[in-house]
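Notes to accompany the following structure.
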(Lines give C-alpha, C1' and ligand atoms only; values in the text may rest on other atoms or scores of the structure.)
Protein backbone atom coordinates (compact mmCIF):
# COMPACT_ATOMS: atom_id res chain seq x y z
CA UNK A 1 0.00 0.00 0.00
CA UNK A 2 1.22 3.52 -0.85
CA UNK A 3 0.80 6.54 1.41
CA UNK A 4 0.86 9.95 -0.29
CA UNK A 5 2.25 12.91 1.67
CA UNK A 6 3.16 15.18 -1.26
CA UNK A 7 2.03 18.83 -1.43
CA UNK A 8 -0.22 18.19 -4.42
CA UNK A 9 -1.63 16.04 -5.67
CA UNK A 10 -3.05 14.93 -2.33
CA UNK A 11 -5.01 11.83 -1.30
CA UNK A 12 -8.66 12.22 -2.24
CA UNK A 13 -11.52 11.77 0.22
CA UNK A 14 -13.78 8.92 -0.86
CA UNK A 15 -16.67 11.26 -1.61
CA UNK A 16 -14.47 13.38 -3.88
CA UNK A 17 -13.09 10.41 -5.83
CA UNK A 18 -16.51 8.79 -6.28
CA UNK A 19 -18.13 12.07 -7.36
CA UNK A 20 -15.58 12.38 -10.14
CA UNK A 21 -16.79 9.04 -11.51
CA UNK A 22 -20.39 10.19 -12.00
CA UNK A 23 -21.94 9.84 -15.47
CA UNK A 24 -21.03 12.55 -17.95
CA UNK A 25 -23.47 15.37 -18.74
CA UNK A 26 -23.59 17.99 -21.46
CA UNK A 27 -21.78 21.20 -20.56
CA UNK A 28 -24.61 23.27 -22.08
CA UNK A 29 -27.27 21.48 -20.04
CA UNK A 30 -29.37 22.88 -17.21
CA UNK A 31 -27.78 20.26 -14.96
CA UNK A 32 -24.31 21.64 -15.57
CA UNK A 33 -25.54 25.23 -15.03
CA UNK A 34 -26.91 24.13 -11.65
CA UNK A 35 -23.54 22.55 -10.81
CA UNK A 36 -21.74 25.76 -11.79
CA UNK A 37 -24.09 27.80 -9.60
CA UNK A 38 -23.37 25.54 -6.62
CA UNK A 39 -19.63 25.89 -7.18
CA UNK A 40 -19.93 29.68 -7.38
CA UNK A 41 -21.91 29.88 -4.15
CA UNK A 42 -19.62 27.50 -2.27
CA UNK A 43 -16.43 29.23 -3.40
CA UNK A 44 -17.85 32.64 -2.50
CA UNK A 45 -18.69 31.25 0.91
CA UNK A 46 -15.16 29.87 1.33
CA UNK A 47 -13.63 33.22 0.32
CA UNK A 48 -16.27 35.27 2.17
CA UNK A 49 -16.73 37.19 -1.05
CA UNK A 50 -19.66 38.42 -3.10
CA UNK A 51 -17.77 38.68 -6.38
CA UNK A 52 -17.60 36.13 -9.19
CA UNK A 53 -15.14 33.24 -8.96
CA UNK A 54 -13.69 32.07 -12.26
CA UNK A 55 -13.01 28.37 -12.82
CA UNK A 56 -10.33 27.64 -15.40
CA UNK A 57 -9.54 24.24 -16.94
CA UNK A 58 -5.88 24.57 -15.93
CA UNK A 59 -3.24 23.98 -13.30
CA UNK A 60 -2.43 26.54 -10.63
CA UNK A 61 0.30 27.86 -12.92
CA UNK A 62 -2.38 28.49 -15.53
CA UNK A 63 -4.46 30.45 -13.01
CA UNK A 64 -1.42 32.60 -12.18
CA UNK A 65 -0.69 33.06 -15.88
CA UNK A 66 -4.24 34.35 -16.35
CA UNK A 67 -3.63 37.12 -13.80
CA UNK A 68 -0.45 38.18 -15.57
CA UNK A 69 -2.00 38.00 -19.06
CA UNK A 70 -5.07 40.02 -18.05
CA UNK A 71 -3.86 42.59 -15.54
CA UNK A 72 -0.35 43.41 -16.79
CA UNK A 73 1.02 44.83 -20.01
CA UNK A 74 4.57 45.16 -21.41
CA UNK A 75 6.47 47.95 -19.70
CA UNK A 76 4.47 47.85 -16.46
CA UNK A 77 6.52 48.19 -13.28
CA UNK A 78 5.90 45.15 -11.09
CA UNK A 79 7.15 44.53 -7.55
CA UNK A 80 7.84 40.80 -7.31
CA UNK A 81 8.18 39.50 -3.75
CA UNK A 82 9.73 36.05 -3.50
CA UNK A 83 10.71 33.74 -0.65
CA UNK A 84 10.95 30.53 -2.68
CA UNK A 85 10.65 28.73 -5.99
CA UNK A 86 7.02 29.62 -6.68
CA UNK A 87 7.57 33.29 -5.98
CA UNK A 88 10.28 33.12 -8.64
CA UNK A 89 7.85 31.39 -11.03
CA UNK A 90 5.30 34.20 -10.62
CA UNK A 91 8.14 36.67 -11.29
CA UNK A 92 9.20 34.82 -14.42
CA UNK A 93 5.68 35.08 -15.84
CA UNK A 94 5.69 38.86 -15.44
CA UNK A 95 9.22 39.04 -16.83
CA UNK A 96 8.15 37.18 -19.98
CA UNK A 97 5.38 39.76 -20.34
CA UNK A 98 8.24 42.29 -20.63
CA UNK A 99 7.29 43.98 -17.37
CA UNK A 100 9.92 45.93 -15.47
CA UNK A 101 10.62 43.79 -12.41
CA UNK A 102 11.47 45.26 -9.01
CA UNK A 103 12.64 42.21 -7.01
CA UNK A 104 12.13 41.90 -3.27
CA UNK A 105 13.83 38.70 -2.15
CA UNK A 106 13.63 36.97 1.22
CA UNK A 107 16.00 34.15 2.30
CA UNK A 108 14.33 30.79 1.68
CA UNK A 109 12.79 29.58 4.91
CA UNK A 110 11.85 33.12 5.97
CA UNK A 111 8.61 35.04 5.53
CA UNK A 112 7.99 38.38 3.86
CA UNK A 113 8.06 41.40 6.19
CA UNK A 114 5.29 43.95 5.48
CA UNK A 115 7.74 46.85 5.79
CA UNK A 116 9.87 45.46 2.94
CA UNK A 117 6.88 45.64 0.60
CA UNK A 118 5.94 49.12 1.83
CA UNK A 119 9.47 50.38 1.21
CA UNK A 120 9.47 48.97 -2.32
CA UNK A 121 6.19 50.73 -3.10
CA UNK A 122 7.54 54.02 -1.72
CA UNK A 123 10.66 53.69 -3.86
CA UNK A 124 8.62 52.88 -6.98
CA UNK A 125 5.36 54.88 -6.90
CA UNK A 126 4.74 54.08 -10.58
CA UNK A 127 4.26 50.38 -9.76
CA UNK A 128 1.33 48.69 -11.48
CA UNK A 129 1.14 45.51 -9.38
CA UNK A 130 2.67 43.60 -6.48
CA UNK A 131 3.12 39.84 -6.83
CA UNK A 132 2.99 37.80 -3.61
CA UNK A 133 2.82 34.13 -2.64
CA UNK A 134 0.58 33.32 0.32
CA UNK A 135 1.89 29.83 1.07
CA UNK A 136 5.31 29.09 -0.43
CA UNK A 137 5.11 25.37 -1.19
CA UNK A 138 8.83 25.03 -1.82
CA UNK A 139 9.80 26.09 1.72
CA UNK A 140 6.75 25.52 3.93
CA UNK A 141 6.40 29.24 4.72
CA UNK A 142 3.09 31.08 5.03
CA UNK A 143 3.28 34.82 4.47
CA UNK A 144 1.23 37.41 6.41
CA UNK A 145 -0.85 38.65 3.46
CA UNK A 146 -3.38 40.44 5.64
CA UNK A 147 -0.64 42.35 7.47
CA UNK A 148 1.09 43.23 4.19
CA UNK A 149 -2.10 44.51 2.59
CA UNK A 150 -3.00 46.48 5.71
CA UNK A 151 0.41 48.16 5.79
CA UNK A 152 0.15 49.48 2.23
CA UNK A 153 -1.23 52.96 1.52
CA UNK A 154 -4.82 53.36 0.35
CA UNK A 155 -3.66 54.45 -3.11
CA UNK A 156 -1.54 51.45 -3.96
CA UNK A 157 -0.72 49.06 -6.80
CA UNK A 158 -2.86 46.03 -7.51
CA UNK A 159 -2.09 43.21 -5.07
CA UNK A 160 -1.96 39.84 -6.88
CA UNK A 161 -1.62 36.77 -4.64
CA UNK A 162 -0.75 33.16 -5.38
CA UNK A 163 -3.01 31.02 -3.14
CA UNK A 164 -2.38 27.75 -5.00
CA UNK A 165 -1.19 25.94 -1.88
CA UNK A 166 -3.16 27.87 0.75
CA UNK A 167 -6.72 27.91 -0.59
CA UNK A 168 -8.79 25.51 1.51
CA UNK A 169 -6.18 24.79 4.18
CA UNK A 170 -6.11 28.23 5.84
CA UNK A 171 -8.17 31.44 5.69
CA UNK A 172 -8.02 33.21 2.31
CA UNK A 173 -10.24 36.26 2.69
CA UNK A 174 -9.49 38.69 -0.15
CA UNK A 175 -12.27 41.21 0.47
CA UNK A 176 -11.58 41.45 4.20
CA UNK A 177 -7.83 41.71 3.62
CA UNK A 178 -7.85 44.19 0.73
CA UNK A 179 -6.38 41.86 -1.89
CA UNK A 180 -7.11 42.53 -5.59
CA UNK A 181 -6.62 39.11 -7.18
CA UNK A 182 -6.20 35.50 -6.13
CA UNK A 183 -5.11 32.50 -8.18
CA UNK A 184 -5.59 29.02 -6.72
CA UNK A 185 -5.95 25.40 -7.81
CA UNK A 186 -7.86 22.24 -7.04
CA UNK A 187 -5.15 19.70 -6.15
CA UNK A 188 -3.97 20.85 -2.71
CA UNK A 189 -6.15 22.42 -0.02
CA UNK A 190 -9.30 21.89 -2.07
CA UNK A 191 -8.73 18.10 -1.89
CA UNK A 192 -9.36 17.42 -5.59
CA UNK A 193 -7.47 16.01 -8.56
CA UNK A 194 -5.36 18.50 -10.54
CA UNK A 195 -6.99 20.38 -13.38
CA UNK A 196 -9.11 23.27 -12.09
CA UNK A 197 -7.72 26.77 -11.61
CA UNK A 198 -9.56 29.20 -9.35
CA UNK A 199 -9.40 32.96 -9.96
CA UNK A 200 -10.98 35.81 -8.01
CA UNK A 201 -10.71 39.53 -8.74
CA UNK A 202 -11.77 42.53 -6.66
CA UNK A 203 -14.07 45.20 -8.17
CA UNK A 204 -10.97 47.41 -8.54
CA UNK A 205 -9.18 44.67 -10.48
CA UNK A 206 -12.20 44.07 -12.74
CA UNK A 207 -12.35 47.81 -13.41
CA UNK A 208 -8.66 47.84 -14.29
CA UNK A 209 -9.14 44.84 -16.57
CA UNK A 210 -12.09 46.38 -18.36
CA UNK A 211 -10.04 49.54 -19.00
CA UNK A 212 -7.27 47.40 -20.52
CA UNK A 213 -9.64 45.32 -22.64
CA UNK A 214 -9.25 41.74 -23.76
CA UNK A 215 -5.75 40.25 -23.44
CA UNK A 216 -3.87 38.69 -26.34
CA UNK A 217 -4.53 35.28 -24.79
CA UNK A 218 -7.78 33.80 -26.12
CA UNK A 219 -7.79 30.88 -23.68
CA UNK A 220 -7.16 32.96 -20.55
CA UNK A 221 -9.50 35.86 -21.37
CA UNK A 222 -11.04 36.50 -17.95
CA UNK A 223 -13.59 38.96 -19.35
CA UNK A 224 -14.87 36.16 -21.55
CA UNK A 225 -15.00 33.79 -18.60
CA UNK A 226 -16.84 36.36 -16.49
CA UNK A 227 -19.44 36.90 -19.20
CA UNK A 228 -20.01 33.16 -19.50
CA UNK A 229 -20.11 32.59 -15.73
CA UNK A 230 -22.79 35.27 -15.34
CA UNK A 231 -24.92 33.14 -17.69
CA UNK A 232 -23.94 29.99 -15.73
CA UNK A 233 -21.96 28.72 -18.69
CA UNK A 234 -18.31 28.10 -19.47
CA UNK A 235 -16.72 29.64 -22.56
CA UNK A 236 -15.18 26.32 -23.60
CA UNK A 237 -15.67 22.67 -22.70
CA UNK A 238 -15.04 22.41 -18.94
CA UNK A 239 -13.59 19.45 -17.00
CA UNK A 240 -17.00 18.21 -15.89
CA UNK A 241 -15.75 15.29 -13.78
CA UNK A 242 -13.40 17.61 -11.89
CA UNK A 243 -16.28 20.02 -11.30
CA UNK A 244 -18.22 17.18 -9.68
CA UNK A 245 -15.22 16.40 -7.48
CA UNK A 246 -14.79 20.04 -6.51
CA UNK A 247 -18.48 20.28 -5.62
CA UNK A 248 -18.10 17.28 -3.29
CA UNK A 249 -14.91 18.65 -1.70
CA UNK A 250 -16.40 22.08 -1.03
CA UNK A 251 -19.44 20.40 0.48
CA UNK A 252 -17.18 18.41 2.83
CA UNK A 253 -15.33 21.53 3.96
CA UNK A 254 -18.57 23.42 4.57
CA UNK A 255 -20.09 20.54 6.52
CA UNK A 256 -17.01 20.26 8.72
CA UNK A 257 -16.98 24.03 9.23
CA UNK A 258 -14.17 26.13 7.76
CA UNK A 259 -12.85 27.38 11.09
CA UNK A 260 -12.80 23.87 12.54
CA UNK A 261 -11.10 22.47 9.43
CA UNK A 262 -8.42 25.16 9.45
CA UNK A 263 -7.79 24.60 13.14
CA UNK A 264 -7.41 20.84 12.61
CA UNK A 265 -4.88 21.39 9.84
CA UNK A 266 -2.93 23.80 12.07
CA UNK A 267 -2.96 21.28 14.89
CA UNK A 268 -1.62 18.49 12.69
CA UNK A 269 1.13 20.74 11.32
CA UNK A 270 2.18 21.94 14.77
CA UNK A 271 2.20 18.45 16.29
CA UNK A 272 4.10 17.04 13.32
CA UNK A 273 6.72 19.79 13.60
CA UNK A 274 7.10 19.08 17.32
CA UNK A 275 7.62 15.39 16.62
CA UNK A 276 10.23 16.04 13.94
CA UNK A 277 12.15 18.44 16.17
CA UNK A 278 11.98 15.98 19.08
CA UNK A 279 13.72 13.41 16.85
CA UNK A 280 16.58 15.85 16.54
CA UNK A 281 15.91 16.80 12.91
CA UNK A 282 15.86 20.44 11.78
CA UNK A 283 12.96 22.31 10.21
CA UNK A 284 13.69 24.80 7.45
CA UNK A 285 11.25 27.36 8.89
CA UNK A 286 12.51 28.30 12.34
CA UNK A 287 9.73 30.72 13.35
CA UNK A 288 6.57 28.86 14.30
CA UNK A 289 4.19 31.64 13.24
CA UNK A 290 5.52 31.41 9.69
CA UNK A 291 5.09 27.64 9.32
CA UNK A 292 2.58 26.47 6.76
CA UNK A 293 -0.48 24.48 7.88
CA UNK A 294 -0.26 22.50 4.64
CA UNK A 295 3.38 21.47 4.18
CA UNK A 296 6.45 21.11 6.42
CA UNK A 297 10.06 21.18 5.20
CA UNK A 298 12.65 19.03 7.02
CA UNK A 299 16.25 20.16 6.46
CA UNK A 300 18.90 17.44 6.35
CA UNK A 301 22.05 16.69 4.32
CA UNK A 302 20.57 13.22 3.78
CA UNK A 303 17.38 14.59 2.17
CA UNK A 304 17.60 12.62 -1.05
CA UNK A 305 18.39 9.33 0.70
CA UNK A 306 15.67 9.96 3.28
CA UNK A 307 13.12 10.56 0.52
CA UNK A 308 14.23 7.42 -1.35
CA UNK A 309 14.07 5.22 1.75
CA UNK A 310 10.61 6.51 2.59
CA UNK A 311 9.49 5.76 -0.96
CA UNK A 312 10.79 2.22 -0.60
CA UNK A 313 8.71 1.89 2.56
CA UNK A 314 5.58 2.93 0.66
CA UNK A 315 5.54 6.55 1.87
CA UNK A 316 5.84 9.23 -0.82
CA UNK A 317 7.03 12.70 0.19
CA UNK A 318 8.48 15.53 -1.90
CA UNK A 319 12.06 16.71 -2.23
CA UNK A 320 13.46 20.21 -2.46
CA UNK A 321 13.04 22.50 -5.46
CA UNK A 322 15.47 24.93 -7.04
CA UNK A 323 18.10 26.12 -4.57
CA UNK A 324 16.86 23.58 -2.01
CA UNK A 325 17.17 20.53 -4.25
CA UNK A 326 18.77 17.73 -2.21
CA UNK A 327 18.61 19.76 1.01
CA UNK A 328 15.06 19.26 2.30
CA UNK A 329 12.21 16.78 2.42
CA UNK A 330 8.70 18.24 2.23
CA UNK A 331 5.81 16.49 3.97
CA UNK A 332 2.25 17.61 3.23
CA UNK A 333 -0.75 17.39 5.56
CA UNK A 334 -3.65 18.87 3.61
CA UNK A 335 -6.15 16.06 3.96
CA UNK A 336 -8.29 14.82 6.83
CA UNK A 337 -5.44 13.27 8.81
CA UNK A 338 -5.77 12.33 12.47
CA UNK A 339 -3.56 10.73 15.14
CA UNK A 340 -3.12 7.38 13.31
CA UNK A 341 -1.69 9.20 10.27
CA UNK A 342 0.55 11.23 12.61
CA UNK A 343 1.99 8.02 14.06
CA UNK A 344 2.44 6.58 10.56
CA UNK A 345 4.36 9.48 9.06
CA UNK A 346 6.49 10.24 12.14
CA UNK A 347 7.29 6.57 12.65
CA UNK A 348 8.20 6.21 8.99
CA UNK A 349 10.52 9.22 9.10
CA UNK A 350 12.15 7.89 12.27
CA UNK A 351 12.76 4.50 10.68
CA UNK A 352 14.01 5.99 7.43
CA UNK A 353 16.31 8.40 9.24
CA UNK A 354 17.89 5.56 11.21
CA UNK A 355 18.35 3.62 7.97
CA UNK A 356 20.30 6.52 6.45
CA UNK A 357 22.59 6.74 9.47
CA UNK A 358 21.07 9.88 10.99
CA UNK A 359 21.09 10.12 14.78
CA UNK A 360 17.48 10.42 15.92
CA UNK A 361 15.70 10.32 19.26
CA UNK A 362 12.81 7.99 20.04
CA UNK A 363 10.72 10.41 22.12
CA UNK A 364 9.04 12.01 19.09
CA UNK A 365 5.51 10.71 19.71
CA UNK A 366 5.40 12.11 23.23
CA UNK A 367 6.37 15.55 21.92
CA UNK A 368 3.83 15.37 19.12
CA UNK A 369 1.05 14.26 21.46
CA UNK A 370 1.67 17.14 23.87
CA UNK A 371 1.10 19.63 21.06
CA UNK A 372 -1.79 17.58 19.65
CA UNK A 373 -3.64 18.02 22.92
CA UNK A 374 -3.10 21.80 23.00
CA UNK A 375 -5.61 24.38 21.75
CA UNK A 376 -4.01 25.53 18.47
CA UNK A 377 -5.47 28.66 16.80
CA UNK A 378 -6.43 28.41 13.13
CA UNK A 379 -4.23 31.36 12.11
CA UNK A 380 -4.92 34.72 10.46
CA UNK A 381 -2.54 34.70 7.49
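The values are calculated or read from the model by the stated rules, or taken from the named source; none is laboratory data. Being a predicted model, the structure only gives us computed values, none of them experimental. Don't worry about glycine lacking a Cβ; one is built from the backbone with ideal geometry, like all the others, and counts go over all protein chains shown.
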Going through 117, 198 one at a time, which residue ends up being within 24 Å of residue 5 (Cβ to Cβ), touching a helix residue (DSSP H, G or I) at 6+ places or on another chain (Cβ under 7 Å) and modelled with pLDDT of 95 or more?
198
When residues of region 135-166 are filtered for being in contact (Cβ under 8 Å) with a residue 60 or more places away in the chain, surrounded by fewer than 24 Cβ atoms within 10 Å (Cβ to Cβ) and not in a strand (DSSP E or B), how many remain?
3
Against the conditions (1) in contact with a strand residue (DSSP E or B) (Cβ under 7 Å, 6 or more places away or on another chain); (2) farther than 16 Å from residue 200 by Cβ; (3) surrounded by 24 or more Cβ atoms within 10 Å (Cβ to Cβ), where does residue 169 fall short? Just the number, please.
(1)
Among helices (runs of 4 or more DSSP H) entirely within region 291-381, at least 2 residues that are in contact with a strand residue (DSSP E or B) (Cβ under 6 Å, 6 or more places away or on another chain) and within 23 Å of residue 9 (Cβ to Cβ) occur in 303-312
Need the failing condition index for residue 373 against (1) free of Cβ contacts under 8 Å to residues at least 24 places away in the same chain; (2) within 13 Å of residue 267 (Cα to Cα); (3) surrounded by 15 or more Cβ atoms within 10 Å (Cβ to Cβ), just the number.
(3)
Is there any pair with a first residue in region 238-266 that is part of a loop (DSSP other than H, G, I, E, B) and a second that is at pLDDT 95 or above and buried (at least 19 other Cβ atoms within 10 Å of the Cβ) whose Cβ atoms are under 6 Å apart and which are 6 or more apart or on different chains, and what are they?
239/195
Over region 307-338, the set of residues free of Cβ contacts under 8 Å to residues at least 40 places away in the same chain and under 17 Å from residue 356 (Cβ atoms) is 307, 308, 311, 312, 313, 319, 326, 327, 329
Within region 286-312, work out how many residues are within 25 Å of residue 267 (Cβ to Cβ) and surrounded by fewer than 23 Cβ atoms within 10 Å (Cβ to Cβ).
7
Restrict the check to region 113-121 and report whether at least one residue is under 28 Å from residue 326 (Cα atoms) and out of contact with any strand residue (DSSP E or B) (no Cβ under 7 Å at 6 or more places or on another chain).
yes
Just a yes or no: is a residue in region 176-192 assigned to a helix (DSSP H, G or I), over 19 Å from residue 251 (Cα atoms) and more than 9 Å from the chain's Cα centre (by Cα)?
yes
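Okay, residues lined up against (1) out of contact with any helix residue (DSSP H, G or I) (no Cβ under 7 Å at 6 or more places or on another chain); (2) modelled with pLDDT under 95; (3) farther than 27 Å from residue 24 by Cα:
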| site | (1), (2), (3) |
| --- | --- |
| 191 | no, no, no |
| 202 | no, no, yes |
| 221 | yes, no, no |
| 224 | yes, no, no |
| 227 | yes, no, no |
| 239 | yes, no, no |
Selection within region 23-39 - in contact with a helix residue (DSSP H, G or I) (Cβ under 8 Å, 6 or more places away or on another chain) and either under 18 Å from residue 55 (Cα atoms) or surrounded by 13 or more Cβ atoms within 10 Å (Cβ to Cβ) (or both):
25, 26, 27, 32, 35, 36, 38, 39
Criterion: in contact with a helix residue (DSSP H, G or I) (Cβ under 8 Å, 6 or more places away or on another chain) and at pLDDT 95 or above - qualifying residue of 84, 140, 60:
84
Inspect all residues belonging to region 174-181 and state whether any of them is crowded, with 24+ Cβ neighbours inside 10 Å, within 20 Å of residue 17 (Cα to Cα) and touching a strand residue (DSSP E or B) at 6+ places or on another chain (Cβ under 9 Å).
no
